[in-house]
Each structure stands twice: as structure tokens, then as C-alpha cells.
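The values are calculated or read from the model by the stated rules, or taken from the named source; none is laboratory data. Note that the coordinates shown come from a computational prediction; the quantities given were computed from them, not determined experimentally. Here Cβ is always computed from backbone atoms with ideal geometry, including for glycine, and neighbour counts include all displayed protein chains.
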Amino acid sequence: MIQYVSTKGTAPPVSFDQAVLEGFAPDGGLYVPKRIPKIPVSTLKNWKGLDYPALAFEILSLFIHDTVIPRDDLKRLIDKSFEPFEHPELMPLVPLVSDENSGHTIYSMELFHGPTQSFKDIAMGFLMNTVDYLLERRNSRLSIILATTGDTGPAAAFAAKGKSCIDCWPLYPEGMISREQERQMTTLAAPNIHPVSVRNCPDGGDDLDLVVAKMFATPGQKEALNLSSVNSINWCRVMAQSVHYVYGYLKVCDTVGDPVHFCVPSGAFGNMFAGFLAREMGAPISCFICANNTNQTLHQVFSTGVFKKEDLCPTLSSAIDIVVPYNFWRFLYFIGGEDGKKLAGWMTDFETQGEVRFDRQMHARIRQGYTSCSVSDKLTLETIRHFWNHQGYLLDPHGAVAVAAALETAREGGIDSGAGQPLVCLTTAHPAKFPDVIKKALNAENGLPRAACHDTIEQARRLDESFQRCDISELERFLIRDIENHL
Ligand SMILES: Cc1ncc(COP(=O)(O)O)c(C=O)c1O
């Protein structure tokens with residue numbers, strides 16, 4: 001049975017259910033599997049025709065022992081999680097362009113056909129269903145707090161709505177997410193969902209993450225308040241996201257074993273870490289392009305070997321306005337030889353000195369199989385406009401960051417172009433979540449094209465909103481009081 005250990009190395013190993021219900025490990029580290037299961041090419045070949053839920057079942061079975069969740073129950077949890085998806089293929093792959101210079105065919109893998117129109121729905125439905133299932137069996141409840149840059153909150157709120165064992169507090173930085181994203185949390189009218197708009201967060205979601213991490217680190221508080229979190233610190237999220245890489249790979253490869261590249265719009269590195277996991281398991285992914293906007297902590301560490309926190313600069317792709325990509329610690333744990341002590345030292349340097357400078361050898365290991373790119377708002381707008389005008393295909397700002405980074409990297413010869421290998425860009429949100437950006441890109445002040453609208457987002461405009469407000473300086477006290485009231 002796979003056990004889960006902390007990246008900081010000092011917490012005792014736990015089983016899957018404990019790792020999921022706890023969120024953070026008790027030593028402040030993140031849970032990772034003690035060994036990453038391997039998928040032989042022959043097995044991948046057998047999986048080539050599977051639909052998404054069937055593939056998810058095969059992959060997740062490798063991480064979840066059937067004494068923890070019996071196979072029939074696991075299958076039911078997975079199937080239930082994808083019921084609210086609106087596209088028959090769940091995650092269609094659309095060929096976008098054949099780049100003449102590099103020979104790559106660039107695909108958009110549309111990950112936004114879930115109930116709240118972002119890729120967060122893919123793992124969040126499964127996570128909430130699993131958490132509720134495990135809690136019911138234990139006859140217990142959880143208070144879930146989570147910080148959002150705009151998409152995790154709606155996905156979590158939708159997935160937790162009406163669950164009998166869960167109360168959920170999505171926290172968002174006031175004025176730093178789109179109104180459409182905000183309404184997805186505030187119009188649910190569910191007694192177990194308690195959205196909080198938080199004022200004065202100059203570093204956006206990162207400021208909220210700090211408060212959440214502090215609450216978990218305060219001795220006794222987690223137990224007293226039944227706390228857990230479902231940000232991508234939660235192992236179940238990144239594990240479930242690894243499936244879409246294997247699925248995308250199997251869809252676009254001619255022959256299983258051929259290399260494919262992926263380009264990922266990145267903030268907290270959760271989705272990129274899921275890709276790392278897929279590759280470690282055996283998906284023949286040749287190169288990952290890590291696409292940042294101008295908040296480029298990740299681009300900087302891949303290109304220079306310096307992992308450094310800069311000030312946050314608000315951009316049009318606001319969901320990836322993140323300056324502390326906390327899942328990068330998980331990646332460093334594996335790249336650095338699964339040495340918890342070494343990782344804890346780097347984390348302390350990052351906290352106390354604001355940066356970690358990796359030596360040449362470690363930098364070379366970090367870069368192996370990765371490249372990166374930072375995309376400006378100007379290029380994001382141009383990319384949205386170009387694909388709409390020339391192909392009638394509308395990208396959201398995050399998908400546009402990925403496509404722009406892919407084209408730029410391919411043009412500069414940053415990835416191996418042998419025999420025109422497919423390059424899959426993960427398009428992570430529906431454009432209807434960002435109407436102001438789309439208006440700006442298309443110069444469409446007088447109205448948006450149908451492709452920029454979505455029925456559920458339109459309907460939410462007509463519903464009453466309900467949320468609480470609080471200043472960041474008061475947030476911890478406010479949450480403790482509110483959670484105690486609901487316990
Ligand atoms: C639309 C969108 N794209 C990309 C990302 C980045 O994902 P991650 O934070 O896992 O890097 C996010 C999440 O923050 C998002 O909401």
C-alpha cells in the first residue's frame with residue numbers, strides 16, 4: 001500500500017485517507033507518495049482508447065489502496081464527479097495551428113467544461129466527493145478553508161454545496177478577481193458555503209495563503225476547528241490532475257512511446273507538478289513549457305536557478321498572479337533526492353532571506369525536461385485577438401498565456417522539434433469568466449461574441465449575492481469565530 005510522507009520529512013507516514021483529510025502534514029510540509037507508481041508502455045498502449053473516467057479509475061487506483069476506498073466505491077466517486085461536465089468528451093483537444101517554422105502541431109486541450117468553467121473542476125469534484133465519503137464513514141465533519149485567485153473558490157464552493165459533512169470558507173482578495181468568478185461563489189445560496197471577501201491584500205491570493213498556513217501551524221487549532229484545506233497543497237488535487245496529462249498524451253500521440261510536449265499556464269505550480277507526476281509515472285512527455293505572466297517567479301527559477309519572491313503585479317491573467325508557487329516545493333523535494341532536511345533548509349532560506357540560489361548542478365536538474373516563458377499583458381491581448389480574427393477561436397487570458405508561450409518557445413527553438421511532435425497547450429478557463437479582458441482584446445465595447453458568453457455565468461448575474469467582508473489584518477480572528485459558530 002502506498003504511504004504518504006511529508007516533504008519536510010519529520011511527520012509520520014500516513015495512508016491516503018489521512019493525507020487527504022489533513023491537507024498539510026503536521027510538520028508544515030506537503031504530503032507526497034513514498035514511491036511514485038510506474039506505468040509500463042504496454043499498459044499505456046492498452047489504455048489508449050479509454051474515456052476520461054475509465055482512465056482516471058486506472059490511474060487513481062494506483063495511488064488509493066482498495067482497503068481505503070473499495071474499487072466499486074472509487075468508480076462511483078469518479079463517475080459522479082464528472083456528471084456535471086457539459087462536453088461529451090469532457091476534455092476535448094482542438095488542433096489550433098501547425099507552426100511552419102518548428103513543425104509542431106499546437107493543440108488547445110480545453111479543461112474548462114466543468115460546472116464552474118475552469119480546470120479546477122476536474123480535481124475538485126473528485127476531492128470533495130472523496131472527502132465527504134471518508135467523513136461519512138468516520139461520522140465526522142470538516143471545516144474547509146481555502147484561498148483563491150479566482151477559480152479554486154468557485155470550483156470548491158460548487159463541489160461542496162449541500163455536502164452533509166463539509167462547511168467551506170472560500171477566501172478571495174477583494175477587487176482582484178473578476179465579478180463573474182466572485183458571483184460563482186456568492187450566489188450559491190447554500191447554508192454550508194461561506195464566501196469571504198478580504199480587503200487589503202497587496203499580494204492577492206498569496207496574502208490569504210499565509211493566513212491559512214498560519215492557522216494550520218498554530219498548535220491545537222487544526223484539531224479544535226476540524227480544519228482542512230483543498231488548495232493544491234492537498235495531495236488529492238495534484239494526483240487527480242495528473243490524469244489529464246496522460247489522457248491528452250494518449251489522444252494526440254500517433255504511437256504510444258512517441259514524445260509529446262505540454263505548455264501549462266502556471267501560478268502555484270499545482271498543475272505543473274501534476275504533469276511532473278504523470279511523466280514520472282511513465283507518460284512519455286518530452287518537454288514542459290512553464291508559462292508565466294509577468295509574475296515570473298517560476299520563469300526566473302527555471303532560467304536562472306534563483307527562486308525568489310518578487311512583489312505581485314496585477315495582470316489580465318489574474319488567476320496566475322502568484323509569487324509563491326508552493327507546489328514547487330513538492331517538485332524540489334523529488335528533484336533534490338527526496339531529502340526532507342534539505343527541503344526544509346531551502347524553505348527556511350526562502351522565508352528568512354526571500355530567495356534560494358541553487359548551485360549549477362541542482363539548477364541543471366531543475367531544468368531537465370523543462371523550459372519557461374514570461375508573457376506580457378500586451379502579448380496576451382494580441383494572442384486572443386489573433387486567434388479570434390484568424391480562426392474564430394476564442395482563448396481566455398490564461399489559455400492565451402499558454403499559447404503565446406508555446407509559440408514563442410517553438411519559434412526560438414526552445415524545444416526539440418524532431419518530426420513535428422505535438423505540443424499541447426492547457427487552456428484552463430472559459431473566456432466568459434473574463435469579459436472585460438475579452439472586450440479589451442477584441443475592441444468589442446458594444447458587445448461580446450457568443451463564444452465569450454456562458455449560460456450559467458449569465459444566470460448568476462440575476463441572482464442575489466451573499467458573502468461576508470473582512471480586512472486581512474482581522475482574517476484569522478474572524479475565521480476562528482465564524483468556524484466556531486458553525487461547529
Ligand atoms: C485559469 C487558471 N489557469 C491556471 C492556473 C494555474 O494553476 P496552478 O496554480 O496549479 O499553477 C489557475 C490557478 O490558479 C487558474 O485558475
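Table for the structure above
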item	result
Given (1) aliphatic (A, V, I, L, M); (2) in contact with a strand residue (DSSP E or B) (Cβ under 6 Å, 6 or more places away or on another chain); (3) part of a loop (DSSP other than H, G, I, E, B), number of the condition LEU188 does not satisfy	(2)
Segment 227-252 - residue that is of a type outside the set (A, V, I, L, M) and at pLDDT below 95 and, of those, farthest from ILE320 (Cα to Cα)	SER228
Those residues of segment 1-51 which are modelled with pLDDT of 95 or more and hydroxyl-bearing (Ser, Thr, Tyr), in sequence order	TYR4, SER6, THR7, SER15, TYR31, SER42, THR43
Any chance GLY150 is within 16 Å of the ligand (Cβ to nearest atom) and either in contact with an Asp or Glu (Cβ under 9 Å, 6 or more places away or on another chain) or part of a loop (DSSP other than H, G, I, E, B) (or both)	yes
Single residue of segment 153-194 satisfying the filter (within 16 Å of the ligand (Cβ to nearest atom) and hydroxyl-bearing (Ser, Thr, Tyr)) that is nearest to LYS222 (Cα to Cα)	TYR172
Residue in segment 236-250 that is over 17 Å from the mean Cα position of the chain (by Cα) and closer than 17 Å to LEU55 by Cβ present	yes
Strands (runs of 3 or more DSSP E) completely within segment 240-350 that count 2 or more residues being crowded, with 20+ Cβ neighbours inside 10 Å	260-265, 285-292
Segments classed as helices (runs of 4 or more DSSP H), wholly inside segment 13-78, with at least 2 members that are among the polar types (S, T, N, Q)	41-47
Residue count for segment 76-95, restricted to those that are within 24 Å of TYR393 (Cβ to Cβ) and in contact with a helix residue (DSSP H, G or I) (Cβ under 7 Å, 6 or more places away or on another chain)	3
Unmet requirement for ASP416, which otherwise passes all of (1) within 16 Å of the ligand (Cβ to nearest atom); (2) closer than 23 Å to TYR247 by Cβ	(1)
Matching residues in segment 192-227 - criterion: being in contact (Cβ under 8 Å) with a residue 12 or more places away in the chain and in a loop (DSSP other than H, G, I, E, B)	ASN192, HIS194, PRO195, ASN200, CYS201, PRO202, ASP203, GLY204, ASN226
Residue within segment 351-359 that is among the hydroxyl-bearing types (Ser, Thr, Tyr) and in contact (Cβ under 8 Å) with a residue 60 or more places away in the chain present	no
